[in-house]
Amino acid sequence: MRGPRAALALLLAAALAPRSARPHPQCLDFKPPFRPPRGLAFCRRYAEFGCCDPRRDRALLQRFYRLSAGLDERTYAACAGHLQDLLCQECSPYAAHLYDAEDPSTPVRTIPGLCQDYCMQVWQNCRSIFRSLSADPELIALENNMAKFCRYLSLEDTDYCFPHLLANQNLNQNLGLVTADAEGCLQLCLMEVANGLRNPVAMVHANDGTHRFFIAEQVGLVWTYLPDGTRLEKPFLNISEAVLTSPWEGDERGFLCIVFHPKFKFNGKVYVYYSVEVRYEERIRISEFRISPSDMNALDHGSERIILEIEEPASNHNGGELLFGEDEYLYIFTGDGGMAGDPFGTFGNAQNKSALLGKVLRINVNNNDRGPLYRIPPDNPFISDPTARPEVYAYGVRNMWRCSFDRGDPQTKEGKGRLFCGDVGQNKYEEVDIVEKGKNYGWRAREGFSCYDKKLCTNSSLDDVLPIYAYPHKMGKSVTGGYVYRGCESPNLNGLYIFGDFMSGRLMSLKEDHATGEWQYSEICMGTGQTCMFPGLINNYYQYIISFAEDEAGELYFLSTGVPSATASHGVVYKVVDTSRRAPPGKCRVEPSPVKVKSKRIPFVPKEKFIMKTPTPNPRLTTTTEAPWGGVPDPKTPRTPAGDRVRTPRPGKGGEQRGQRRRKKPPVDGSVRLMRQGRRGRGRGRVEIFIDGEWGTVCDDGWSLPAAAVVCRQLGFPYAVRATKKAEFGAGTSLRILLDDVQCSGQERTLLECSHADVGTHNCSHEEDAGVECSREEVTDW
């Protein structure tokens, strides 16, 4: 339990945020609240949403029985309800605020923060229950002084005190729903899971129960990551000498994809998609590898068998996706061959079913140890068309970049097997498609909903499939396809298709309206205010979104970089997290199968930091959900160069784009912080000041309230309650004493503006280190 007048509201960063910050539901385990899997028998108020599951609810009920057994009949009648209310605040969605536990590094209250009027009522009628609830000696010492007792139990942020928070509309409206800003931008958070990667183009899992994941770099290396986050020093695959790529920013060639056979656990087969040069001719190559017989975390590099090679007439539009469907066939997604406008042949490669470029291909690589390396599935749509390649599954695509199969709703399996793809556009539009067998997706007749080649567009088939969504180039110029979220940990995201744009760094989502069949768009923003203030979470990312991924449990990730070069080690992998509601404790627990490790483990060290951001309105851009009338180009939309991946230069240091990573500013001379028992104090603690590149203490037997007021105001507190002396909050013996003889009027901006001895000059010891106690409310003597 904290000392008197403890600063109980927020972390120091949150203290500097405006009072209009968003509500921040959080449990005592420092995680978001959840919906209990079954009703609660004791703390029924929180049966729909809160921080207790039935097991914890039963434990609180048992504690209630133990404590109430010591109450006489009269006291039980008057106080049992209060005792239940106080115990059940552990189940409140705001338990962390009530118990002052937002920061894992600080001790937790033994009694929740109470509103003054309620505390006085309980003190007058049921004072004895507090002693049974808490053994805090400071609280017990104040037991006979109602004013000081209730002041001790108060919260500085009175919005969160019990029971007033129950009637606080701002805290309770939309509780448990995905947080959105005033313009509907969904506020999500991230967890960094890997870093230091060179253009990470793909992340996949083996679906073998080990819950490993494998991250591929564009240069041709694939790394193994274990469930505990460690990376193995030895690569899973290294074909960097064979892969064709370059350090140029924007080079689309390279190692582009890896996929595990659905029966990898039994046959050990893995398939890769990469660029090669054969006798001065550029090709895309699909190869098969087998797992090493001596190491389950490495492929046998000598086992490569080339399944398919396709000549690339240009260095761009290389496609680059491999997937296995529920049918266990291999799906291959190729680009249209490059250049601009698909200029190959009369109608372009994409409309030419006799070409393998600009297509979705489907082949059977099962049981291929003898005989042909692949066979044609008997139900491929053009198998009987003598003018078509039998491998073609769908056509009319420009350069599909990142596709995924929907796992289906976890309960109903609705949507299972749908194939989503992002198809990079030319001059005007990016699009998202659902790919179906035998369908024509319109390129080069159409780009998005708009006509591109007007002659082809006029004569095109009415059966051409339009996108489920398209957006103009003022929103982004290179779509990166994503996934329909079907994981366990963020139940509010179920059914949301999450994708992004490589160039603009924009994260986006689509949700199907089952009544109309249309897809509703919502932008995704990084959480502002306290939305992402949970241990291990961040709210910023590098701009260039290269790919999305699922782990074996279905949780969603994306891969991005700050420098889009195959040789720049700026790539990071982020896990997407919704802090509005989590799954009940234990529901998402997995038990990975054991992994025999022969290589050195490299521990993961996160580098990205949480950035305190206040909500600011963002300009909204009109999106395209219908075909423009008659396919006429929008005159307001300027024609831009081909929207190829990584084709435009990086933005300069001027305007920061959404999603672009921002760095924390270092402290400046005169900055102050409060420390208590080796941890940051929140509103009270030893004063430490930053001068000339180092932190030090203020040692002063004449330390005064005006000086304390200067410190408190710097930290965002309008009032100074006390100026403490004689190292009341501990001695900062590991630091130098930087200031002594400080004399302030109370109006100065920093202590350096006050009168003081020369920096580093003092005639005192750390036993006289100064401290302060601050408050957001004016405090008067009781």
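Of the cross-linked pairs K353/K428; K31/K725; K607/K725; K353/K454, those separated by over 28 Å at the C-alpha level are K31/K725; K607/K725. Think of it this way: in the chain, C257 stand alone, with no other Cys Cβ under 4.7 Å. Distance from the alpha carbon centroid of the stretch 201-253 to that of the stretch 410-470 works out to 30 angstrom. Accessible surface computed residue by residue for the chain, with neighbouring protein chains in place and a 1.4 Å probe, gives 42 Å² per residue. Packing-based ranking of 687-699, 361-373 yields 687-699, 361-373, ordered from highest to lowest mean Cβ neighbour count within 10 Å. Remark on I602: its backbone amide H falls under 5 Å from those of R231, L232, E233, a criterion applied only to residues 5 or more positions apart or on other chains, H modelled at 1.01 Å from N. Listed cross-link partners K587/K609; K265/K598; K416/K474; K269/K596; K359/K437; K269/K575 are compared with a 22 Å cut-off, the Cα-Cα value being larger for K587/K609; K416/K474; K269/K575.
For G529, the residues 5 or more places off, or on other chains, whose built amide H falls under 5 Å of its own are K613, T614.
Loop-only check: which GluC sites (Glu not before Pro) in the stretch 228-305 are DSSP coil with at most 10 other Cβ within 10 angstrom? Listed in order of number, the matching sites are E241. I'd like the carbon and sulfur percentage of the solvent accessible area for the chain, probe radius 1.4 Å, heavy atoms only, ligands and nucleic acids excluded. Carbon plus sulfur share of accessible area: 50 percent.
Estimated from the Cβ-Cβ distance and a Förster radius of 22 angstrom, the FRET efficiency linking E767 and R736 is about 0.90.
For S522, S509, give me the order by solvent-accessible area with a 1.4 Å probe, most accessible first, ignoring ligands, DNA and RNA. Mind showing how you got there, number by number?
Details: S522 35, S509 0 Å².
So the residues, ranked largest to smallest area, are S522, S509.
For the stretch 177-306, a/c is not less than 1.5, where a ≥ b ≥ c are the root eigenvalues of the C-alpha gyration tensor, and a/b does not top b/c. That puts it in the oblate class. Relative protection proxy for 139-148, 466-475, 767-776, from highest mean packing down: 767-776, 466-475, 139-148 (other beta-carbon atoms within 10 angstrom). Length gained on full extension, E241 to R127: 33.4 nm, using 0.36 nm per residue less the C-alpha separation. Placing +1 on each Lys and Arg Cβ and -1 on each Asp and Glu Cβ, with no other charges, gives the chain a dipole about its Cα centre of roughly 720 debye. The chain has equivalent-ellipsoid semi-axes of 57, 30, 25 Å, by the square roots of 5 times the alpha carbon gyration tensor eigenvalues, sorted largest first. Karplus-based coupling profile of the stretch 386-392, in residue order and whole Hz: x, 8, 10, 6, x, 6, 5, with θ = phi - 60° in 6.51 cos²θ - 1.76 cosθ + 1.60 and x standing for Gly or Pro. Screening the chain for whole DSSP H helices with an alpha carbon extent of at least 27 angstrom along the helix axis and a mean Kyte-Doolittle hydropathy of at least -0.5 yields nothing.
Compared with the direct C-alpha span, the chain from L175 to E436 gains 90.1 nm at full extension, assuming 0.36 nm per residue.
The values are calculated or read from the model by the stated rules, or taken from the named source; none is laboratory data. Since we're looking at a predicted model, the values are computed, not measured. Virtual Cβ from ideal backbone geometry, glycine too; neighbours counted across all protein chains shown. Ligands, DNA and RNA are excluded from the accessible area calculation, which covers all protein heavy atoms including side chains. Shrake-Rupley method; radii C 1.70, N 1.55, O 1.52, S 1.80 Å.
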